[in-house]
Amino acid sequence: MKKLTLGIVALGVMAGFTVPGAFFEKPPGWPEPVYAFARNKPDPEKIRLGRVLFYDPALSENNQISCASCHSPFSAFAHTDHALSHGIRDSIGTRNAPALMNLAWQPVFMWDGAINNLDMQALAPITHRAEMGSSMQSVVGKLRASLLYRRLFKEAFGDSLATGEHTLKALSQFMLSLTSAQSKYDRMKRGEEAFNEQEQKGYSLFQKHCASCHAEPLFTTHAFANNGLPVDPLLKDYGRMQISHQPGDSLRFKIPTLRNIAYTYPYMHDGRFKKLSQVLDHYAGGIRPGATLAAELQTKMELSSNDKVDLIAFLMTLSDQEFVFNKAHGFPKELMKTQ
Amino acid sequence: MHKVAALAQHKEVMLSFRPVAHGKAVVLNDSFYVKGHERIVVETLRFYISGIRLLQSDSLVWQESGSYHLYDLEEAKGIALRVPASVAYNHIRFYIGIDSLTNVSGAMGGELDPVKGMYWTWQSGYINFKAEGRSSASSHPKKEFQLHLGGYESPHNALRQITLSVEPQSDIEVYFDLQQFLETAELAKRSHLMSPGPEAVKLSVMASRCFKTKQQ
């Protein structure tokens with residue numbers, strides 16, 4: 001526990017600590033991040049190690065599946081075209097792999113909030129039998145036997161011997177570096193570019209109908225809500241209630257960000273909608289009433305077909321090409337081939 | 001010279017945990033009986049001990065800083081407490097489990113590293129106490145039992161504080177009466193428990209009552 005004590009001391013020393021520029025930057029006007037950076041200070045060597053780990057199938061039991069298998073940079077770290085997550089030996093999970101971005105602002109993780117800290121998030125897919133099917137003991141054993149990782153851990157943490165703590169913190173560092181704030185919407189907000197008429201109409205509709213849950217600038221409140229989807233009879237997924245055991249949490253799922261939504265299809269916790277038009281049709285006419293239905297959806301959302309087209313035009317302005325094609329987030333081929 | 005003088009003013013108090021059944025030490029993979037007829041083989045017994053304090057009657061006289069220890073029957077070793085030589089104590093107080101602040105603070109090292117296998121992966125949180133093995137009363141096809149006790153969120157916080165009398169100013173032996181625990185746990189009714197909730201709290205209370213010293 002020396003580490004925690006040091007962390008608390010560091011927190012005091014760094015009062016007024018602003019997250020440094022090149023690797024983690026708080027975009028202007030955004031709220032303070034919730035991740036406790038004082039315990040895991042942004043560091044390029046740690047981000048690099050985390051990036052290599054993220055793309056390495058050695059994290060799975062049979063060396064087949066990496067984090068990036070279901071969180072591809074080209075789909076804003078979601079899994080395009082796959083409704084449910086895939087794992088080792090063609091196993092299929094029960095939920096849609098979410099996009100990864102702006103995680104420093106996210107307080108809890110998973111569709112049901114089962115994970116309380118970004119550091120601990122990776123444990124779930126690493127150990128789930130329908131995902132990577134491994135264990136932290138096995139992963140750390142493989143990393144300790146690798147010359148590449150001995151070097152990367154030495155450079156990142158001053159100790160070549162991999163530990164669970166350092167592995168998880170490095171993965172956090174890479175995930176924290178995935179900031180998306182360079183979309184057309186962001187440029188419009190900064191006064192660098194203007195919306196066209198259709199996008200502007202869509203933005204007004206968004207502010208009227210969507211923004212109370214998908215609040216700017218992160219396009220989520222990070223709360224849980226029942227958005228009126230009927231329960232899938234095979235998956236029987238009741239969301240947050242399975243973790244909290246509170247009936248009031250029945251059918252409540254994490255409100256996802258809308259940033260980069262054009263890249264992250266299919267949609268919803270079980271990937272049931274392939275297209276944004278289906279999502280809007282659901283909100284405008286498919287809401288299933290229920291005891292836990294979000295208050296915001298109790299009255300019917302009136303959207304004409306023109307409104308839907310305009311809304312989609314606005315949602316397209318949330319696409320951040322710079323983020324999706326950023327080589328710094330991509331497969332670290334310069335390091336992986338030396339293995 | 002200063003440092004040597006400072007060191008001289010401290011002494012080591014050894015704190016040892018000894019699982020017992022029928023008054024005898026529990027040996028990994030050996031069998032014993034509970035309720036007269038239920039045959040038990042213990043394959044894993046691990047628990048966290050945290051927040052160790054020494055008391056003189058009701059007054060706190062010493063507390064360990066960074067106090068997190070993992071007991072493992074497979075490689076049981078004592079905990080050396082470095083206490084001021086002059087301190088007088090007749091009680092020990094500690095937690096079985098990990099506090100809620102540590103549970104929400106991200107990746108930890110040392111005894112708290114998730115590689116120790118005492119951290120849930122599907123839902124965040126430390127496993128405070130883990131007992132696994134076989135019981136002839138288990139309804140599991142292979143007669144296994146697995147009790148993983150934990151949970152830090154109210155109202156199902158499984159962390160338990162224990163205060164025990166000890167021999168003044170001496171090394172401390174704490175016995176864990178595994179026979180009593182498994183009799184009250186009733187494996188015939190519930191051979192597997194691996195999530196937080198009211199059952200985990202109930203079993204954690206039962207387990208906490210099975211820590212004893214000879215001075216009680």
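The values are calculated or read from the model by the stated rules, or taken from the named source; none is laboratory data. As the structure is a computational prediction, the values presented were derived from the model and not from experiment. All Cβ positions, even for glycine, are placed from backbone atoms using ideal geometry, and neighbour counts span all protein chains on display.
Below is a table of values for the structure above.
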{"read-out": "Pairs, first within 14 Å of another protein chain (Cβ to nearest Cβ) in the stretch A:238-264, second assigned to a strand (DSSP E or B), C-beta under 6 Å, six or more apart", "value": "A:G239/A:R252; A:G239/A:F253; A:R240/A:F224; A:R240/A:R252"}
{"read-out": "Qualifying residue in the stretch B:107-129 (condition: more than 14 Å from chain A (Cβ to nearest Cβ), in a strand (DSSP E or B), on the phi < 0 side of the Ramachandran plot and touching a residue at least 60 places away in the same chain (Cβ under 8 Å))", "value": "yes"}
{"read-out": "Residue check, B:A88 in contact (Cβ under 8 Å) with a residue 60 or more places away in the chain, out of contact with any helix residue (DSSP H, G or I) (no Cβ under 8 Å at 6 or more places or on another chain), exposed (fewer than 15 other Cβ atoms within 10 Å of the Cβ) and in a loop (DSSP other than H, G, I, E, B)", "value": "yes"}
{"read-out": "Test: B:V83 is away from every other protein chain (no Cβ under 14 Å), touching a residue at least 40 places away in the same chain (Cβ under 8 Å) and in contact with a Phe, Trp or Tyr (Cβ under 6 Å, 6 or more places away or on another chain)", "value": "yes"}
{"read-out": "Matching entry among A:S60, A:S135, A:S85 (being of a type in the set (S, T, Y), more than 22 Å from A:K327 (Cα to Cα) and within 10 Å of another protein chain (Cβ to nearest Cβ))", "value": "A:S135"}
{"read-out": "In the stretch B:121-150, the residues that are out of contact with any Gly (no Cβ under 9 Å at 6 or more places or on another chain), hydroxyl-bearing (S, T, Y) and crowded, with 23+ Cβ neighbours inside 10 Å", "value": "B:S124"}
{"read-out": "From B:L164, B:L147, residue being aliphatic (A, V, I, L, M) and under 24 Å from B:G197 (Cα atoms)", "value": "B:L147"}
{"read-out": "Qualifying residues in the stretch A:147-194 (those that are away from chain B (no Cβ under 14 Å) and among the polar types (S, T, N, Q)) - the one farthest from B:G106 (Cα to Cα)", "value": "A:S183"}
{"read-out": "Odd one out for A:P107 among (1) buried (at least 20 other Cβ atoms within 10 Å of the Cβ); (2) under 17 Å from the mean Cα position of the chain (by Cα); (3) touching a residue at least 40 places away in the same chain (Cβ under 8 Å); (4) within 12 Å of another protein chain (Cβ to nearest Cβ)", "value": "(1)"}
{"read-out": "Some residue of the stretch A:175-184 being within 25 Å of A:E61 (Cβ to Cβ) and under 25 Å from the mean Cα position of the chain (by Cα)", "value": "yes"}
{"read-out": "Test result for A:A225, assigned to a loop (DSSP other than H, G, I, E, B) and of a type in the set (A, V, I, L, M, F, W, C)", "value": "no"}
{"read-out": "Any hit, the stretch A:125-132, residues being free of Cβ contacts under 8 Å to residues at least 12 places away in the same chain and within 12 Å of another protein chain (Cβ to nearest Cβ)", "value": "yes"}
{"read-out": "Selection count where residues are touching a helix residue (DSSP H, G or I) at 6+ places or on another chain (Cβ under 7 Å) and either part of a helix (DSSP H, G or I) or among the small types (G, A, S) (or both), scope the stretch A:49-77", "value": "16"}
{"read-out": "Cβ-Cβ under 9 Å pairs, at least 6 apart or on other chains, the stretch A:66-83 side under 17 Å from A:A328 (Cβ atoms), far side of a type in the set (K, R)", "value": "A:A76/A:R259"}
{"read-out": "Selection status of A:E155, surrounded by fewer than 19 Cβ atoms within 10 Å (Cβ to Cβ) and modelled with pLDDT of 95 or more", "value": "yes"}
{"read-out": "Number of positions in the stretch A:167-224 that are touching a helix residue (DSSP H, G or I) at 6+ places or on another chain (Cβ under 7 Å), buried (at least 22 other Cβ atoms within 10 Å of the Cβ) and within 30 Å of A:E45 (Cα to Cα)", "value": "13"}
{"read-out": "Selection status of A:D270, surrounded by fewer than 19 Cβ atoms within 10 Å (Cβ to Cβ), of a type in the set (D, E) and within 28 Å of A:G113 (Cα to Cα)", "value": "no"}
{"read-out": "Members of the stretch A:123-152 found to be at pLDDT below 95, part of a loop (DSSP other than H, G, I, E, B) and not hydroxyl-bearing (S, T, Y), listed by number", "value": "A:H128, A:R129, A:A130, A:E131, A:M132, A:G133"}
{"read-out": "Filtered residues of the stretch B:51-68 (kept if over 20 Å from B:D171 (Cβ atoms), touching a Ser or Thr at 6+ places or on another chain (Cβ under 9 Å) and assigned to a strand (DSSP E or B))", "value": "B:Y68"}
{"read-out": "Residue list for the stretch A:79-106, filter: modelled with pLDDT under 90, among the aliphatic types (A, V, I, L, M) and in a helix (DSSP H, G or I)", "value": "A:I88"}
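Conditions (1) modelled with pLDDT of 95 or more; (2) among the hydrophobic types (A, V, I, L, M, F, W, C); (3) assigned to a loop (DSSP other than H, G, I, E, B), marked per residue:
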{"site": "A:G271", "(1), (2), (3)": "no, no, yes"}
{"site": "A:S277", "(1), (2), (3)": "yes, no, no"}
{"site": "A:R288", "(1), (2), (3)": "yes, no, yes"}
{"site": "A:K308", "(1), (2), (3)": "yes, no, no"}
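Yes/no matrix, rows are residues, columns are (1) part of a helix (DSSP H, G or I); (2) touching a strand residue (DSSP E or B) at 6+ places or on another chain (Cβ under 8 Å); (3) basic (K, R); (4) modelled with pLDDT of 95 or more:
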site: B:T102; (1), (2), (3), (4): yes, yes, no, yes
site: B:S138; (1), (2), (3), (4): no, yes, no, no
site: B:P141; (1), (2), (3), (4): no, no, no, no
site: B:H148; (1), (2), (3), (4): no, yes, no, yes
site: B:A158; (1), (2), (3), (4): no, yes, no, yes
site: B:P168; (1), (2), (3), (4): no, no, no, yes
site: B:V201; (1), (2), (3), (4): yes, no, no, yes
site: B:Q216; (1), (2), (3), (4): no, yes, no, no
